[in-house]
Amino acid sequence: MRIGQTSIIFFLSKLGVSALGFVATIVFIRLLGEDIYGFFAVTLALVSWLGIVKSVGFGEAIVKRMSEDEEPDAYLAAGTTIKVVLTTIVVIGVFVLRDYVNEYIGQPVAELVILLVIVTIFSDLVDSALKGTHRVHVYAPLKTVMEGIRSVAMIAFVLLGWGLTGMLLGYAVGTAVVAAIGLVIVQPNVVIPRRHHIVRLFDFAKYSWLGNMQKKTFSDMDLLILALFVPANLTGIYAVAYSLSKFLEVFGSAISTTLFPEMSKLSTEDDTKLINTLTNDALTFAGLFLIPGIVGATLLGDRLLLVYGPGLDIGAHVLVILLIAVLVYTYARQLLTTLNAIDRPDLAFRANGAFIVANVVLNFTLIYSIGWVGAAIATTLSATVGFSLGLYYADQLLDIRLPYNEVGRQWIAAVLMGIVVYAARELGEANPIAAYNEVFVVLLVGLGAIVYFAVLLTISSRLRTAVSDNLPFDVPLVYN
């Protein structure tokens, strides 16, 4: 029950983050256009990838070792020392190659890239400390606060006429402020780490670094390669479609983030049975919002993207493909989380390696041959590779049973929702309300959500039980 409630807190916080990001993106595109947003997205993608070099898997290693409740401050100190050294190397490299960085992005932002690299290491360390000390319920709301401060700062700087520079500077300010708040909450003791702390971090990081790269590959590789082959405006539209798809992934992300430290602790107690149960629960509910999202995007994708601005509806088909990719990836993420939590990062390493190779090769091949749609297809296919291998390796160690029946009920509810939404849109298109796109979209999405959850709660006793177990008050209607 506590894990479920922590997941809900994380989910609601992430939902708040996504909502703030959604509004901010609309403002930026309407003020600056999709070209500038494309430059912004590529810059953040580059910073994210540079983050792999300055972390090399030590972020996950810090969470893992701290979550074991043995000398957490010493492991945090060891991880901080390592990350500071690696970040210094990255910063020097970006400074030396700043002309090439500016040429690749298409804007003079190398100095801001350096600032963002420094700020993100600070934020990453605080995040690792919060999660490693089982404070996911604190970490999650802080992320919402961070997004809020980021959005306000970015919009303020843009309104001052600073354009892309203002967006990047506001992003850095919001990140730094909230990381400082998180550090105050953690209040780590200053200790001098010993050699065995660094060795144990390395023992985990030598495998987990590829997991970090896998996440970055899924999130950013397509954008980095798109920047080489397609105009900035298409990259911007693709980034918008991806941000929409990630909006529906927040529940699956909440589950995996919450379960990792809990399963990590259970693995030290050899409680395989409960780890099996938690993994099965994660797979059951990971697609709870993504499945209806795929159906909804198929019917409303064009109008959803028009909310951002005119002309963006050309990305509707990309949005649907990306949602399928995110769904498959979310299932894969639950399995890889389990492998890392039970201290088998070597197996996760293999699955991640196959995913990365497939993603890079497919992105280059398909983007070059069929354009920006190829990026979405490549992401979907590579996610399938990661899921297949994650399932294979997890099944060797645990009793993994795919929840076909429960996922099938989610699809049934989504299809019935789709029928109602399709009929409602057809009726609405003939009425004046269709001229007010934002209002029309909100009404259709709201109707779809009501129908989906009403049907699913009716046909799924497992969902009714999960809801009743995690509400802070009794609701007789959701009991069996």
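The values are calculated or read from the model by the stated rules, or taken from the named source; none is laboratory data. Just so it is clear, the model here is predicted, and its values are computed rather than measured. Heads up, the Cβs are rebuilt from the backbone with ideal geometry, glycines too, and the neighbour counts pull from every protein chain shown. Only protein heavy atoms, including side chains, enter the accessible area calculation; ligands, DNA and RNA are left aside. Shrake-Rupley method; radii C 1.70, N 1.55, O 1.52, S 1.80 Å.
First compute the accessible area of the range 278-331 with a 1.4 Å probe, then give the percent of it belonging to carbon and sulfur atoms. Answer for the range 278-331 is 76 percent, counting heavy atoms of protein chains only. Spin-label pair residue 229-residue 423: with each label point 7 Å from Cα along the Cα-Cβ axis, the two points sit 4.3 nm from one another. Taking each DSSP H run with n ≥ 4 as -39500 (n - 2.57) and averaging over every residue of the chain yields -28500 deg cm²/dmol at 222 nm.
Loop by DSSP (not H, G, I, E, B), at most 14 other beta-carbon atoms within 10 Å: where is the longest site-free stretch of the chain for trypsin sites (Lys or Arg not before Pro)? The partial results should precede the final answer.
Details: sites that count: 194, 401.
That would be 195-400.
The string of couplings for the range 316-324 from the Karplus curve (6.51, -1.76, 1.60, θ = phi - 60°) is 4, 5, 5, 4, 5, 5, 5, 5, 5 Hz, one whole number per residue in order, with x for Gly and Pro. Here the Karplus curve 6.51 cos²θ - 1.76 cosθ + 1.60, taken at θ = phi - 60°, turns the phi angles of the range 265-282 into couplings of 5, 5, 5, 6, 9, 6, 8, 5, 4, 6, 4, 4, 4, 5, 5, 5, 4, 4 Hz, with x standing for Gly and Pro. Take the Cα of residue 433, step 7 Å toward its Cβ, do the same at residue 369, and the gap between the two points is 4.5 nm.
I need to check one value: relative contact order of the chain, counting alpha carbon pairs closer than 8 Å and at least 6 residues apart, in percent.
Numbers: 723 pairs, mean separation 89.1, N = 480.
About 19 percent, as a whole number.
Please work out how much length the chain gains when fully extended from residue 449 to residue 95, using 0.36 nm per residue of separation minus the C-alpha to C-alpha distance, in nm with one decimal.
Working: separation 354, 0.36 × 354 = 127.44 nm, distance 4.86 nm.
Net length gain for the segment: 122.6 nm.
Once the Cα-Cα distance is subtracted from the 0.36 nm per residue extended length, the residue 397 to residue 265 segment shows a gain of 45.8 nm. In sequence order, the range 82-99 has phi-based couplings of 5, 5, 5, 4, 5, 5, 4, 5, 5, 4, 4, x, 5, 5, 5, 9, 4, 5 Hz under the Karplus curve 6.51 cos²θ - 1.76 cosθ + 1.60, θ = phi - 60°, and Gly or Pro positions carry x.
For the range 279-344, treating each Cα as an identical point scatterer without solvent, what Debye log10 I(q)/I(0) comes out at q = 0.13, 0.26, 0.27 1/Å? Calculated log10 I(q)/I(0) at the listed q: -0.46, -1.02, -1.06. Gain on full extension, evaluated as 0.36 nm per residue between residue 27 and residue 192 minus their Cα-Cα distance, stands at 54.7 nm. Here the dipole of the range 259-337 is about 180 debye; that uses its Cα centre as origin and unit charges on the Cβ of Lys and Arg (positive) and Asp and Glu (negative).
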